[in-house]
Every structure is written in C-alpha cells, then in structure tokens.
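Novice: I have a structure here, written as structure tokens, and I will follow up with some questions on it.
The values are calculated or read from the model by the stated rules, or taken from the named source; none is laboratory data. Please read these numbers as outputs of a predicted model, since none were measured by experiment. Here Cβ is always computed from backbone atoms with ideal geometry, including for glycine, and neighbour counts include all displayed protein chains.
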Amino acid sequence: MSGATIVRRIGPRLPALPVDSDDARWLGWPLVVGLAVVALYLATNDYPAYGAGLYIETADAVRANGYALPATVPHYGPEGVPFAYPPLMFYVLAVLRDVGAGAFVMALYLPPLVTVAALVPTYLLGRDVVGDRRAGTAAALLVVLHPQVLEWHISAGGLVRAPAFVFALWGSYAALRLFRDGDREWLLPGLFAVALVAHTHPTYTVFTVATYLLFWAGYDRSPAGLVRGAVVGFGALALALPWLATVVGHHGVSVFSGAAGTHGGLFGVVYRLREWGPTGALVPMAAAVGLLRTRHRVLGAWTVAVWLLFAQPRFTYAVGAITVVAAVVELAERGYLDGAVALVDRALGHAGSGPPDRADGGVARPHVGVARVVVAALVVLSLVGLGSVGAEFAGAGGTTPEFVDDADVAAMTWAAEETGPDATFVVLGDAAEWFPVHTDRTILVSPWGAEWRGPDTYQRHLDAFVNGSECANRSCAEEAMASVDARPDYVYVPKGAYTVRGDYEHASDTLESTFAESPRYERAFENEGVVVFRTVTASDRTATGSGRPATPRGPRRQPIR
C-alpha cells in the first residue's frame, strides 16, 4: 500500500463546523449562564482564588531566558523548580507579561473566560452522545454550575488547567467522531487537540489518551481505527519531542517518573477514597453503572474509567454531567418519567391531550408537553444553579478562597523594596504561593513544583508547609522549618484570617507573641494582616546592642490588578 493511499484512508480533509443555526439557542443558553458565573466570581473575589504564582514565575523564567526553555524556575524552594512542565501556556503568559499584563490581572480574568469556552465541546459531546440538542444544553449547564469543576478551572491555576480542559474536551469530541461515526475528517483536529493538551497539562493528557483508547475499544475495534488512533497519538508525540528532549537533556527521564507518583498518581480512586471517602461523584457513578446495559454503555464505561483513574473528582464530574443527562433521557424514553412529565406539564397550565399508543402498549408522551417540561427543567437548573454558585462564591469557607489580600500585597511590596535580592523567607499560609513572583525573593518551604524533584521531596515540603502554617507557637514553626533544613532570613507570619491549602484558618496570637519574645527574631515589618520577623544573628546583636529597630508599618493598599 502506497503512502498516498494511507493518507487518503486516514482522512486528509478537514470537517465542517459541527454547529449550525439550529444549535444557536441551545448552545447560547449555557454560554450566557457561564458568563453569569464569571460575573458572580468577579463580584465576589478581589483577588484570584487559589494561586498561580509558580505558573507566572515560570513564564517570567521563559522571558528571562530569551524564550528558550529554562533549566529551572527560581525562588520556589532553595534549589528552584526543574522546568519540566508542558510549556505551551507559559509561552502565552510570557507574551502577555511582555506586553504589560499583571500577575493578579491575568490570574483573575483569564481562567473563568477560558472555562466558558469549554462549554462548546461539552455541549457537542452531550448533543452527539445522547442525540438531542437539549441534552447538550443540560450537560453544559451541569458542568458550568458544578462547584468542583469550577473550583479548579476558574481559579488562578486555571491559567493552565482551563485551556487544558478545553483541549481535552475537544480531543474527546474528535475521538467520538473518529471512532463512533467513522468521520476521518476529524483525524487532524484530533491530532492537534491531543498535541495541544500534551503541551499544556500532564493529567489532562492522560485523560485524553484514556478517552481515545476507550472510544476505540467501545465504538470501533477495527484495525483501520487503530491506525487512525496511532496517527493521532504518535503525531502528537512527534510534536512534543522538542520539549521532551530538552527536559530530558536537562534533568533526565526520572523527573517525569518522580512527578507521576504525586497528586494521587494513576488509579487515583484509592487515594481519593482514602483521603476523602465517598463523594458526590457517586451520583454520576450510579448513572454510569445504569448505562452499562444500554446503548450508552460506552459513556457509562468512560465515566467508570475516569473515576478509577483520577484522584481529582473534577474529571468524573465533567464526564458525569453527560452521563447523568443520558441516564435521565434513557429513563424518559422507557416511560419511567411519564407521570412526572404529566404532573409538571399540568403545573405549567397545560393538559395532555389523548396521545397515541406506544408500540410497547404504553401511552406515548405528548411531544409538546415534553418540550415544555424540558425547557422548564433547564430554566430551574439555571436559576437554582446560579443561586447556589453565588452563595458558594460569597460564603465563608467556599470553593474560591483568595490566597492573598491587601495586607499580604503590602507586605510583599515591602519585601521586594526593603530586603536584599538574596534574602530568603519562610512564608506561613497560602500567601507563600504568590510571594516569589511578587517579590523576586526565595521561599525555602515550597511544595509548589517540588513534585518534579520526586515524591519524597514533595511530601516533605508539603508536610513542612502545612504543619508550619497551622502552628500556634514559634517552636512548632521552627520544627516544621527544620524538617526541610530551612534557615530563613525572614519569617512571614499571618495575623487574623488566612488560608492553608485553601482551608480557612485564624492565626493564634501566641504564634506572633512567641516569635516577638525570642531574642533570635525581631520585627521587620507589620501591618494589620502580616508581621515579618527578621532572623537576628550573633553579629547583628553585637552590632546593634539591645536596641530594636522601629517596625515599618505598611499602609492599607487597594487590590493590585
């Protein structure tokens, strides 16, 4: 067989757009709701939720290296972080930084907007798997109104995760068209979607590859389909080779194998159940099991596979949104929801009108009544979902905690202006994640990026950070620092409310007082939310005697955008 014949068989053409005018209102609906979610998030968050300091510091390292891949990213840990991340979004962020975009501005606005873009492939998957545009609308609404899905995509880390989510869903849609429908025109879009996600985030890459394998096994199983899948996989790998070769040249293959053992690893169901127990993912899982003996058995198997593979429940919830919709449609088609449909239709002021018999002897549901009930259900889902999301965003202990506030920004500005460039810090609390990118100073306790130095290093820094940040006195904090051999020039101590790994805490008064009472520390800066202690050496005490310098006190600042 000639090469030209192979190219013709695998499909050289590009597909037509998968939407038309009939999709406009059904796709537009979740997009409008998604923009309303964005507005709620921006109205309730002055600063980005969670952190993306390491991501932006990585982009700055790319800029500093003349847009070549750097070997390490500085300031996160005493040795920095090996640059082994998929590089695509760091180049995008580097360009935005070069044109003047601020760290907090990018992290606040870009992730939620990109997350809304993920609703397009979600709608298409729901529409084409179930075979109904309204199913696509429902699936997209369930995704954009789910707190767990939103938490990790609209927050600051969504600078990388949200684009990866978009690419992964487009890759999944291409796989559906390629293997179920035999549309060879989707080979090239699938290849580029997989290549994009492979250059963006490793976990979403595993999700996409698993989806391709499962869809081939569930829908196709032909040698020709296997060849097309191989073209997608090896084509994406070929595009990733320059990045992979550079990273392996800097750090060896072990940098990838070590990181794979962190964050729950593969078959994350064991980690998830051990850490958190059963979760709400049991709802889509129940729907998935119910679908295994229906025409949607591949969808059910996809959900089960994702639940088993990933510790992060957001993957199960995203796929599970389609699964739940398919299960409801399946129940409706079998007549189990006839009574509910008639009841709701009467409540809307309409009565069923003698519908014809069904082939199975039952009574067919009036199509007009079903349409009214579906629209009513989507309206209720949208309104109740928006209300719940707004309450979640605004409530204490919600899913969008801000790692920094005005007091933190003032303290970081002081550190950038008043300490030496080689000064080292231990920062207690989640403000640590943003600290290096705002100050250009090094933190010595840093779980962020430590996974690239292996699971042992990651776990030691994670334990030191969490334990130290939750301490009630100086000796406890010093013990946590000593566990990673951290001897900082400054210790950054939060006052009042702060967060640790996204969980809200309230600083103990004894933490500050025990640092203040120790002759080994002196106050270097203080405002209403932060006190920074400088480590006093023997030479410092000799030079200054018993006197202590006045403590600079920072002004209240407006949020930096």
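Novice: Considering the stretch 18-51 alone, what residues qualify as being small (Gly, Ala, Ser) and touching an Asp or Glu at 6+ places or on another chain (Cβ under 8 Å)?
Specialist: The first filter runs over the stretch 18-51 and keeps only residues small (Gly, Ala, Ser), leaving 21, 24, 28, 34, 36, 39, 43, 49, 51.
If the condition is that a residue be small (Gly, Ala, Ser) and touching an Asp or Glu at 6+ places or on another chain (Cβ under 8 Å), then Ala49, Gly51 are the ones that fit.
This table checks each residue for (1) under 21 Å from the mean Cα position of the chain (by Cα); (2) within 27 Å of Pro242 (Cα to Cα); (3) in the same structural domain as Glu451 (by TED's automatic domain parsing).
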residue: Gly66; (1), (2), (3): no, yes, no
residue: Phe83; (1), (2), (3): yes, yes, no
residue: Pro87; (1), (2), (3): yes, yes, no
residue: Ala94; (1), (2), (3): yes, yes, no
residue: Val105; (1), (2), (3): yes, no, no
residue: Tyr109; (1), (2), (3): yes, no, no
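Results for (1) without any contact (Cβ under 8 Å) to a residue 40 or more places away in the chain; (2) among the hydrophobic types (A, V, I, L, M, F, W, C), shown as yes or no for each residue.
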{"residue": "Ser469", "(1), (2)": "no, no"}
{"residue": "Cys476", "(1), (2)": "yes, yes"}
{"residue": "Val484", "(1), (2)": "no, yes"}
{"residue": "Val493", "(1), (2)": "no, yes"}
{"residue": "Ala497", "(1), (2)": "yes, yes"}
{"residue": "Asp509", "(1), (2)": "yes, no"}
{"residue": "Ala516", "(1), (2)": "yes, yes"}
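Novice: Any residue that is basic (Lys, Arg) and under 30 Å from Ala394 (Cα atoms) - is there at least one of those in the stretch 143-166?
Specialist: There is at least one residue in the stretch 143-166 that is basic (Lys, Arg) and under 30 Å from Ala394 (Cα atoms).
Novice: Looking only at residues in the stretch 385-416 that are in contact with a helix residue (DSSP H, G or I) (Cβ under 9 Å, 6 or more places away or on another chain) and over 20 Å from Tyr47 (Cβ atoms), which one is surrounded by the fewest Cβ atoms within 10 Å (Cβ to Cβ)?
Specialist: By that ranking, first place goes to Ser388.
Novice: Which ones in the stretch 496-540 are of a type outside the set (A, V, I, L, M, F, W, C) and under 29 Å from the mean Cα position of the chain (by Cα)?
Specialist: Within the stretch 496-540, Gly496, Tyr498, Thr499, Arg501, Gly502, Asp503, Tyr504, Glu505, His506, Gly529 qualify.
Novice: Of these, Leu266, Leu291, which one is modelled with pLDDT under 80 and closer than 23 Å to Phe179 by Cβ?
Specialist: On the way: Leu291 fails: modelled with pLDDT under 80.
None of the others qualify; the one that does is Leu266.
Novice: I've got another one for you. Applying the selection to the stretch 291-308, what residues are more than 26 Å from Val116 (Cβ to Cβ) and in contact with a helix residue (DSSP H, G or I) (Cβ under 7 Å, 6 or more places away or on another chain)?
Specialist: Leu291, Leu292, Thr294, His296, Arg297, Val298, Gly300, Ala301, Val304, Ala305, Leu308
Novice: Report, by residue number, each residue of the stretch 223-233 that is within 20 Å of Trp170 (Cα to Cα), touching a helix residue (DSSP H, G or I) at 6+ places or on another chain (Cβ under 9 Å) and not β-branched (Val, Ile, Thr).
Specialist: Once the filter is applied, which keeps residues that are within 20 Å of Trp170 (Cα to Cα), touching a helix residue (DSSP H, G or I) at 6+ places or on another chain (Cβ under 9 Å) and not β-branched (Val, Ile, Thr), the stretch 223-233 yields Gly225, Leu226, Arg228, Gly229, Gly233.
Novice: Kindly establish whether Leu119 is touching a residue at least 24 places away in the same chain (Cβ under 8 Å) and within 15 Å of Leu150 (Cβ to Cβ).
Specialist: Judged against the criteria, Leu119 is a match.
Novice: Condition check: out of contact with any helix residue (DSSP H, G or I) (no Cβ under 8 Å at 6 or more places or on another chain), at pLDDT 55 or above and crowded, with 16+ Cβ neighbours inside 10 Å. Does Arg534 satisfy that?
Specialist: yes
Novice: Here's a follow-up. Could you list all residues from the stretch 452-487 that are closer than 24 Å to Phe83 by Cβ, surrounded by fewer than 21 Cβ atoms within 10 Å (Cβ to Cβ) and more than 29 Å from the chain's Cα centre (by Cα)?
Specialist: Across the stretch 452-487, the qualifying residue is only Asp485.
Novice: Now a separate question. Restricting to the stretch 287-299, name every residue that is of a type in the set (A, V, I, L, M, F, W, C) and without any contact (Cβ under 8 Å) to a residue 24 or more places away in the chain.
Specialist: Once the filter is applied, which keeps residues that are of a type in the set (A, V, I, L, M, F, W, C) and without any contact (Cβ under 8 Å) to a residue 24 or more places away in the chain, the stretch 287-299 yields Val289, Leu292.
Novice: Now, a different point. Can you tell me which residue in the stretch 130-160 is nearest to Leu113 (Cα to Cα), limited to those that are of a type in the set (A, V, I, L, M, F, W, C) and in contact with a Pro (Cβ under 7 Å, 6 or more places away or on another chain)?
Specialist: Only one residue tops the list, namely Ile154.
Novice: Here's a follow-up. So which of Leu31, Leu27, Leu14, Leu42 is on the phi < 0 side of the Ramachandran plot, hydrophobic (A, V, I, L, M, F, W, C) and modelled with pLDDT under 95? Walk me through it before giving the result.
Specialist: Numbers: Leu31 fails: modelled with pLDDT under 95; Leu27 fails: modelled with pLDDT under 95; Leu42 fails: modelled with pLDDT under 95.
Going through Leu31, Leu27, Leu14, Leu42 in turn, the sole match is Leu14.
Novice: Right, something else. Answer with yes or no whether Arg161 is charged (D, E, K, R) and in contact with a Ser or Thr (Cβ under 9 Å, 6 or more places away or on another chain). Walk me through how you get there before you give the answer.
Specialist: Details: charged (D, E, K, R): yes; in contact with a Ser or Thr (Cβ under 9 Å, 6 or more places away or on another chain): yes.
So Arg161 passes the test.
The rows are residues; the columns are (1) in contact with a strand residue (DSSP E or B) (Cβ under 7 Å, 6 or more places away or on another chain); (2) outside the structural domain of Asn527 (by TED's automatic domain parsing); (3) modelled with pLDDT under 95.
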position	(1), (2), (3)
Asp357	yes, yes, yes
Gly369	no, yes, yes
Val373	no, yes, yes
Ala377	no, yes, yes
Leu383	no, yes, no
Thr399	no, yes, yes
Ala410	no, no, no
Ala416	no, no, no
Pro421	no, no, no
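Novice: What single numbered condition from (1) closer than 24 Å to Tyr212 by Cβ; (2) at pLDDT below 80 fails to hold for Gly277?
Specialist: The number of the failed condition is (1).
Novice: A further question follows. What are the pairs with Cβ atoms under 9 angstrom where one residue, in the stretch 410-432, is on the phi > 0 side of the Ramachandran plot and the other, located anywhere, is charged (D, E, K, R) and surrounded by fewer than 24 Cβ atoms within 10 Å (Cβ to Cβ)? Sequence gap at least six, or different chains.
Specialist: Gly429/Glu505
Novice: While we're on this one: From the set of residues in the stretch 92-116 that are in contact (Cβ under 8 Å) with a residue 24 or more places away in the chain and not aliphatic (A, V, I, L, M), which is nearest to Gly51 (Cα to Cα)?
Specialist: That would be Phe104.
Novice: Would you confirm whether or not the stretch 422-438 contains a residue that is more than 24 Å from the chain's Cα centre (by Cα), surrounded by fewer than 20 Cβ atoms within 10 Å (Cβ to Cβ) and not charged (D, E, K, R)?
Specialist: yes
Novice: Looking only at the stretch 310-345, filter to residues that are touching a His at 6+ places or on another chain (Cβ under 9 Å) and either outside any helix (DSSP H, G or I) or more than 30 Å from Phe165 (Cα to Cα) (or both); which one of those is modelled with the lowest pLDDT?
Specialist: Residue satisfying both the conditions and the ranking: Ala311.
Novice: With Tyr85, Tyr47, Tyr55 as the choices, which residue is buried (at least 24 other Cβ atoms within 10 Å of the Cβ) and part of a loop (DSSP other than H, G, I, E, B)?
Specialist: It is Tyr85.
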